[in-house]
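Comments concern the structure below.
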Amino acid sequence: MDHSRVPVLEALQEFRRRGDVVYGPPGHKQGLGADPRVLDIVGEGVFASDVLSLNGLDDRRESQGVLTQAEELMADAVGAEHAFFSTCGSSLSVKTAMLAVAGPGEKLLISRNAHKSVIAAVIVNGVEPVWVHPKFDAERHLAHPPEPDDVRHALQAHPDAKGMLLITPTDWGSCADIHGVAKVCHDQDVPLIVDEAWGAHLPFHPDLPSWGMDAGADLVVTSVHKMGSAVEQSSVFHLQGDRVSPNVLKQREDLLGTTSSSSLVYATLDGWRRQMAQHGHDLLDAALRRATRIRRAVADMPGLRLMGPEVVEAGLTAELDLLRITIDVRELGISGMQAAEWLRTHCHVDFGSSDTCRIGGQITHADNERTENLFIDSLHRLVGHADTIEPQPPVQLPAPHALELEQAMLPREAFFAQAEHVPADKAVGRVAAEMLSPYPPGVPVVAPGEVITEEVVDYLRTGVAAGMLVPDAADPTVETLRVTAR
């Protein structure tokens with residue numbers, strides 16, 4: 001296919017060339033009604049390019065097939081049979097993907113290290129989850145993806161499960177054995193969904209971890225805004241084989257998705273596909289070399305512990321995305337949250353992820369010599385000033401087994417059950433009626449329907465005291481917890 005073509009961008013360019021006046025949404029009329037104070041910050045081009053697909057980029061019959069052409073080019077670029085754009089982010093896309101495989105009351109195997117959006121999908125869709133617990137790295141206090149044998153055992157125990165949802169890469173860069181998990185699923189003739197939100201770049205360079213479509217997954221969801229060049233909320237479904245019907249997927253997306261899709265998202269998805277198809281290998285090659293230099297520099301800094309290929313060599317994870325720079329800072333006597341706040345305040349550097357133990361930053365094709373040097377110099381400054389950062393009270397990190405909670409009720413039933421707020425210490429032994437997700441990375445420590453334990457309460461309370469954020473809790477201080485009524 002001709003990857004120099006960008007159907008959405010071409011249609012947008014033609015719309016602006018014609019100078020159409022629209023007597024329908026959006027109400028700002030391509031910026032004519034936008035507040036000048038807003039234009040001064042975001043620019044006129046944002047509003048000029050905010051156009052409906054129907055009666056805008058295309059006619060009401062979609063006779064030019066603008067979006068369809070763009071999606072076909074995307075599928076060709078990444079080696080999928082079908083691709084569908086979504087403008088609601090992968091938080092919505094993963095809900096759609098799950099609903100395309102398992103309906104209300106049906107079982108679906110799910111990695112328990114899933115993002116809160118997956119747990120939300122379980123609640124909204126009414127799916128019965130069968131949790132497949134990740135491989136826990138006790139030394140780093142970090143969860144790596146589950147292994148094929150974990151999935152095999154879960155399928156043997158639940159042969160009526162409709163499929164498996166695997167999360168890879170994780171927020172910290174560790175990657176699953178997708179090929180192995182796909183084989184386990186396909187041996188039972190059930191589909192594998194891969195939530196590859198952090199992996200949109202993977203198809204475009206052979207030195208990156210395996211791409212879900214190449215490794216045999218049936219349905220892959222990516223967030224192009226995370227590691228690609230599209231704007232926020234840019235997501236794509238990729239599909240192959242006959243285990244998931246493209247028609248069913250489109251219907252489920254139509255059920256959950258917006259009817260006011262953003263042309264800005266479509267246009268930047270289209271442009272990113274062209275960029276990667278034409279120049280992706282060279283751009284990512286440069287990014288990998290840059291990440292290698294950064295890794296060497298970080299490895300020489302006292303008090304910082306870089307996560308590298310040793311986690312693969314130790315059998316903790318199948319692969320590692322080396323563009324994800326994960327650094328344990330505990331030897332500096334501070335938490336990752338403190339490190340992130342110090343770097344933001346003193347270096348004007350924002351690390352994408354931080355938790356009790358570590359910080360995480362990503363290197364992409366967008367980085368350059370300046371951002372490379374700033375990354376390294378900022379960490380040097382952090383190391384040099386760590387002793388000036390006031391120590392926080394210790395966080396009581398739970399043992400791995402303490403994070404595998406008993407599920408006493410289905411998440412949907414518990415979330416919608418009659419509930420009450422009780423003091424956190426009185427919640428021990430009670431069934432949670434809410435999600436409790438330290439953010440980032442946003443993986444729930446407690447999901448609705450799980451039995452709250454003393455270890456988890458201690459972890460959350462000491463974590464919040466040390467700066468942990470739990471934004472989805474009804475009481476973000478976690479002094480009280482929402483539990484099902486007795």
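The values are calculated or read from the model by the stated rules, or taken from the named source; none is laboratory data. What you are looking at is a predicted structure, and each value in this text was computed from that prediction instead of being measured. Reconstructed Cβ throughout: ideal geometry from the backbone, glycine too, with neighbour counts over all protein chains shown. Calculation scope for accessible area: heavy atoms of the full protein, side chains included, ligands and nucleic acids excluded. Shrake-Rupley method; radii C 1.70, N 1.55, O 1.52, S 1.80 Å.
When the residues of segment 75-95 are filtered to those that are under 22 Å from His3 (Cβ atoms) and out of contact with any strand residue (DSSP E or B) (no Cβ under 8 Å at 6 or more places or on another chain), the one that is surrounded by the fewest Cβ atoms within 10 Å (Cβ to Cβ) is Gly79.
Which of the residues belonging to segment 338-372 are among the aromatic types (Phe, Trp, Tyr) and within 24 Å of Val443 (Cβ to Cβ)? Residue satisfying the conditions is Phe351 alone.
Ala447 satisfies every condition listed in (1) buried (at least 23 other Cβ atoms within 10 Å of the Cβ); (2) free of Cβ contacts under 8 Å to residues at least 60 places away in the same chain; (3) of a type in the set (A, V, I, L, M, F, W, C) except (2). Taking the condition outside any helix (DSSP H, G or I), open to solvent by 10 Å² or more (accessible area, probe 1.4 Å), out of contact with any Leu (no Cβ under 6 Å at 6 or more places or on another chain) and of a type outside the set (Gly, Ala, Ser), does Glu232 pass? Yes. Only a single item in (1) at pLDDT 95 or above; (2) within 28 Å of Ser234 (Cβ to Cβ); (3) open to solvent by 60 Å² or more (accessible area, probe 1.4 Å); (4) in a loop (DSSP other than H, G, I, E, B) is not met by Ser260, and it is number (1).
Restricting attention to segment 158-191, the residues that are closer than 18 Å to Val130 by Cα and free of Cβ contacts under 8 Å to residues at least 24 places away in the same chain add up to 0.
Cβ-Cβ contacts under 7 Å between residues 6 or more apart (or on different chains), taken from a first residue in segment 88-112 that is farther than 19 Å from Ala447 by Cβ to a second residue that is open to solvent by 30 Å² or more (accessible area, probe 1.4 Å) and part of a loop (DSSP other than H, G, I, E, B), are listed as Cys88/Gln233; Cys88/Thr258; Gly89/Gln233; Val101/Lys162.
Table: residues versus (1) open to solvent by less than 10 Å² (accessible area, probe 1.4 Å); (2) not β-branched (Val, Ile, Thr).
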residue: Val122; (1), (2): yes, no
residue: Gly173; (1), (2): yes, yes
residue: Lys183; (1), (2): no, yes
residue: Val190; (1), (2): no, no
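Does segment 107-163 hold any residues that are charged (D, E, K, R) and touching a helix residue (DSSP H, G or I) at 6+ places or on another chain (Cβ under 6 Å), and which are they? Answer for segment 107-163, where residues must be charged (D, E, K, R) and touching a helix residue (DSSP H, G or I) at 6+ places or on another chain (Cβ under 6 Å): Arg152, Lys162. Scan segment 428-439 and give yes if some residue there is open to solvent by 40 Å² or more (accessible area, probe 1.4 Å), touching a strand residue (DSSP E or B) at 6+ places or on another chain (Cβ under 8 Å) and not aromatic (Phe, Trp, Tyr), otherwise no. There is at least one residue in segment 428-439 that is open to solvent by 40 Å² or more (accessible area, probe 1.4 Å), touching a strand residue (DSSP E or B) at 6+ places or on another chain (Cβ under 8 Å) and not aromatic (Phe, Trp, Tyr).
When the helices (runs of 4 or more DSSP H) confined to segment 1-120 are screened for residues that are within 17 Å of Ser234 (Cβ to Cβ), those reaching at least 1 such residues are found at 7-18, 44-48, 66-78, 89-101. Answer yes or no as to whether Glu331 is among the charged types (D, E, K, R), farther than 23 Å from Ala138 by Cα and open to solvent by 80 Å² or more (accessible area, probe 1.4 Å). No: the conditions fail for Glu331. Within segment 372-395, if we keep just the residues that are of a type in the set (S, T, N, Q) and buried (at least 16 other Cβ atoms within 10 Å of the Cβ), the residue that is farthest from Leu202 (Cα to Cα) turns out to be Gln392. Among strands (runs of 3 or more DSSP E) entirely within segment 125-227, having at least 2 residues that are in contact with a Ser or Thr (Cβ under 6 Å, 6 or more places away or on another chain) singles out 164-167, 219-223.
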